[in-house]
1. Can you show me the helix-derived [θ] at 222 nm for the chain, built from DSSP H runs with n ≥ 4 at -39,500 (n - 2.57) apiece and divided by the number of residues, rounded to the nearest 500.
2. Rounded to the nearest Å, what's the spacing between the alpha carbon centres of the stretch 70-95 and the stretch 115-189? Just the number, please.
3. State, as an integer percentage, the relative contact order of the chain based on alpha-carbon contacts under 8 Å between residues 6 or more apart.
4. Which shape class, rounded, prolate or oblate, goes with the stretch 54-131 when its Cα gyration tensor gives a ≥ b ≥ c as root eigenvalues, a/c under 1.5 marks rounded, and past that a/b bigger than b/c marks prolate?
5. When a footprinting reagent is the concern and you count Cβ atoms within 10 Å, what order do Glu78, Glu169 take, fewest first?
6. Counting alpha carbon pairs within less than 8 Å and at least 6 residues apart, what relative contact order, in whole percent, applies to the stretch 56-152?
7. Sort 9-15, 147-153 by the packing proxy (mean of other Cβ within 10 Å over each peptide's residues), most packed first.
8. Using the count of nearby Cβ atoms within 10 Å as a rough guide to exposure, how do Asp33, Asp107, Asp98 rank from fewest to most?
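Coordinate-derived values only; no laboratory data. This is a predicted model, so every value here is computed, not measured. Backbone-built Cβ (ideal geometry, glycine too); neighbour counts: all protein chains shown.
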Amino acid sequence: MQSPIALNSRTSGRHTARGSISYHHMSTIRLVDRGTTVSALAEPGGVLDLDGLQYTLIEIHSHAPSEHTIDGHRADLETHLVHESAEGKLAVLGVMFDVDEGEHPIDQFIGRATDSPTMAHLERIVPTTSPAFRYLGSLTTPPYTSGIEWTVFSQRLTVGREALHAFAESYGPNARDLQDDADTVVTFG
Ligand SMILES: [Zn+2]
């Protein structure tokens with residue numbers, strides 16, 4: 001199955017169990033200009049606990065506008081936090097942001113800020129208690145690897161207007177088209 005897809009809260013099944021999502025350990029993060037996006041690399045990486053499985057945070061990058069849609073809504077920005085388990089299984093958290101005035105924690109991750117974001121910032125860009133869509137999809141950039149465990153939070157956060165504008169000017173639009181989701185099993189809760 002390929003990503004992104006149109007997510008729909010009404011037609012998705014329910015999770016059989018509410019997953020738990022939390023980060024442990026401190027990590028330093030540095031921003032790298034990848035040409036198509038800004039990539040924030042975690043060194044050596046926070047540990048994500050997803051349904052009892054441990055994943056290491058590898059990197060964080062963003063797309064403007066959002067790649068997934070939720071109930072027909074496309075957000076201004078979608079941030080992907082890419083994780084890998086010890087067995088090489090990939091899990092991506094997707095977070096939606098709508099533009100707002102002022103400065104917001106996500107701004108640190110999409111700009112060329114002189115101060116690198118920290119784990120403290122990281123905790124403020126992941127709405128860990130929000131309901132989320134879960135499905136098996138793919139990376140949305142080459143090599144489009146499938147078998148990726150996706151978690152896309154339905155709660156939208158906010159991104160600063162100036163930061164988003166600067167990001168979109170350098171990298172946008174950098175969202176992959178919606179993919180055929182006819183055979184994709186999505187749960188929500
Ligand atoms: Zn992405």
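1. -2500 deg cm²/dmol
2. 4 Å
3. 29 percent
4. The shape class here is oblate.
5. Sorted ascending by nearby Cβ count, the order is Glu169, Glu78.
6. Computed over the stretch 56-152, the figure is 23 percent.
7. The most tightly packed comes first, giving 147-153, 9-15.
8. Asp33, Asp98, Asp107
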